[in-house]
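Peer 1: The structure that follows is given in the form of structure tokens.
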Amino acid sequence: MGIPTCDQFGYWTNKDHLRLEIKRKRMDAKLYDKDLRGLLGTSNAEVMGLGSRYQIDATIADIYLVSPRLDLI
């Protein structure tokens with residue numbers, strides 16, 4: 001497999017572009033912009049250093065904490 005020709009590159013570029021346009025037209029504009037649009041950066045680009053930004057996991061844990069005395073906390 002060698003390097004693609006200019007025609008092959010143009011074919012796949014147009015095919016990919018059409019696929020994205022079809023996906024955009026099938027979805028609600030707000031939903032597409034919220035979930036599927038291309039992003040130009042990351043959340044790490046805005047931080048000054050370590051500890052500048054925190055992320056909290058909102059997973060609900062269905063556990064009970066028990067003390068060494070077997071008292072429910």
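The values are calculated or read from the model by the stated rules, or taken from the named source; none is laboratory data. What you see is a predicted model, and the numbers here were worked out from it, not measured in a lab. Note that each Cβ is placed from the backbone with ideal geometry, even for glycine, and that neighbours are counted across all protein chains shown.
Peer 1: Out of all the residues in the stretch 28-57, which are under 17 Å from the mean Cα position of the chain (by Cα) and hydrophobic (A, V, I, L, M, F, W, C)?
Peer 2: Answer for the stretch 28-57, where residues must be under 17 Å from the mean Cα position of the chain (by Cα) and hydrophobic (A, V, I, L, M, F, W, C): Leu31, Leu36, Leu39, Leu40, Ala45, Ile56.
Peer 1: Of everything in the stretch 7-23, what is within 18 Å of the chain's Cα centre (by Cα) and free of Cβ contacts under 8 Å to residues at least 12 places away in the same chain? Give them in sequence order. Please lay out each step first, then the result.
Peer 2: Here is the first cut: in the stretch 7-23, the residues within 18 Å of the chain's Cα centre (by Cα) are 20, 23.
Answer for the stretch 7-23, where residues must be within 18 Å of the chain's Cα centre (by Cα) and free of Cβ contacts under 8 Å to residues at least 12 places away in the same chain: just Leu20.
Peer 1: Can you work out which of the residues in the stretch 32-66 that are aliphatic (A, V, I, L, M) and surrounded by 10 or more Cβ atoms within 10 Å (Cβ to Cβ) is modelled with the lowest pLDDT?
Peer 2: Within the stretch 32-66, the match that is modelled with the lowest pLDDT is Val66.
Peer 1: Here's a follow-up. Find all pairs meeting these conditions: Cβ atoms under 9 angstrom apart; at least six residues apart or on different chains; first residue within the stretch 29-52 and closer than 28 Å to Arg19 by Cβ; second residue part of a loop (DSSP other than H, G, I, E, B).
Peer 2: Taking only residues 6 or more apart or on different chains, the pairs are Asp35/Met27; Leu36/Met27; Ser43/Arg53; Ser43/Gln55.
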